[in-house]
Amino acid sequence: MSGVLGVIALLALILVETRRAAAGKIVILDLRLFRIRSFAAGNGVAVVVSLGEFGLLFTLPLFLQAVRGYNALETGVILLALAIGSFFASGAGAPISQRVGPVRVLQLGMLLEVIGILGLGFVISPEITGWGLAPWLFLYGMGVGFATAQLTGVVLSEVPVADSGQASAVQSTSRQVGAAIGTAILGTTLLIGLGSAVTSQLEARGIPTAQAQEVSQAVASSAGQAIPGLASAPGGDVLVEGASAGFAQATKLVSWVAGFFVLLGLLTSLLLPKNTARVLSEGYAPPKS
């Protein structure tokens, strides 16, 4: 019901804003901005890429704490590799952009993100250490740094200066919408994956189906936090081993889905004009309807 109401509200906003703009009245959002190719395609990229980026950052810490047993501080230290990569790429992006253009740097960043995410998907296992994840997190972070640093500029590059405020707000909202949807999709993917993966891993280790399903439900409902407590149950070592393997398998699935979304964002970026430049002309305005 809430989704239906949201769609109705969005359609109402579009209708009202279109009519007000056509009548020359003040609007919250001038929808004619979406006629600007770099603005429309850039916001599409922002939504799709955020689907993968933020959803993965929601899932990976759960894996590190539930399966590897790291505390919050240790998990943060491991994820620091991502921040370091982003830090270096953000600084390097400007000079590279001057040579090849911001769109190419944006695409390079998303390509590195895809490689980093898929690399994480390949190496994740119950035995993986922080050092094993660090290179892929660093590569992923470099991709985020390149892409994030350039995306805002690309989206606003052809927007009239007078409209840059509302255009920037739309771009920020696009990211937030993508992050919210991505967290929901990848979180659901994780829970569904846990349900089947943990059950199959436990059954493969000789655990009866009924018990395997019970453990699987406990692991899924707690987002993996029930795994350490399984050690105190009869046959606890086998339960922990199977549940950990199932969680790793589900996390791999999340990585594939996240990688797909970022790859989709990379393909969407092909719609962006190769050369974008800030329109400074005072006489420029979005096309009239």
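Here are some notes:
Yes or no, residue by residue, for (1) more than 30 Å from P95 (Cα to Cα); (2) of a type in the set (G, A, S); (3) free of Cβ contacts under 8 Å to residues at least 60 places away in the same chain:
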| site | (1), (2), (3) |
| --- | --- |
| E158 | no, no, no |
| V161 | no, no, no |
| A167 | no, yes, no |
| V198 | yes, no, yes |
| I227 | yes, no, no |
| Q249 | yes, no, yes |
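- Positions within the range 200-217 being of a type outside the set (A, V, I, L, M, F, W, C) and in contact (Cβ under 8 Å) with a residue 24 or more places away in the chain, in sequence order: S200, Q201, R205, G206, S216
- For the residues L73, L112, L151, L156, the requirement of being surrounded by 14 or more Cβ atoms within 10 Å (Cβ to Cβ) and either farther than 22 Å from V45 by Cα or modelled with pLDDT of 90 or more (or both) singles out L112.
- Of the set (1) out of contact with any Asp or Glu (no Cβ under 8 Å at 6 or more places or on another chain); (2) more than 18 Å from A162 (Cα to Cα); (3) aliphatic (A, V, I, L, M), all apply to I26 but (2).
- Single match in V77, V114 (criterion: farther than 26 Å from I227 by Cα and in contact (Cβ under 8 Å) with a residue 24 or more places away in the chain): V114
- Filtering T59, T18 for residues that are farther than 30 Å from F247 by Cβ, assigned to a helix (DSSP H, G or I), touching a residue at least 60 places away in the same chain (Cβ under 8 Å) and not aromatic (F, W, Y) leaves a single hit, T18.
- Looking only at residues in the range 42-61 that are more than 15 Å from L263 (Cα to Cα) and either of a type outside the set (A, V, I, L, M, F, W, C) or surrounded by fewer than 21 Cβ atoms within 10 Å (Cβ to Cβ) (or both), the one that is nearest to the chain's Cα centre (by Cα) is L57.
- Being at pLDDT 90 or above and in a helix (DSSP H, G or I) is a description that applies to G242.
The values are calculated or read from the model by the stated rules, or taken from the named source; none is laboratory data. Since this is a predicted model, take the numbers as computed values, not measurements. Methodologically, a virtual Cβ is constructed for each residue, glycine included, from the backbone with ideal geometry; neighbour enumeration extends over all protein chains shown.
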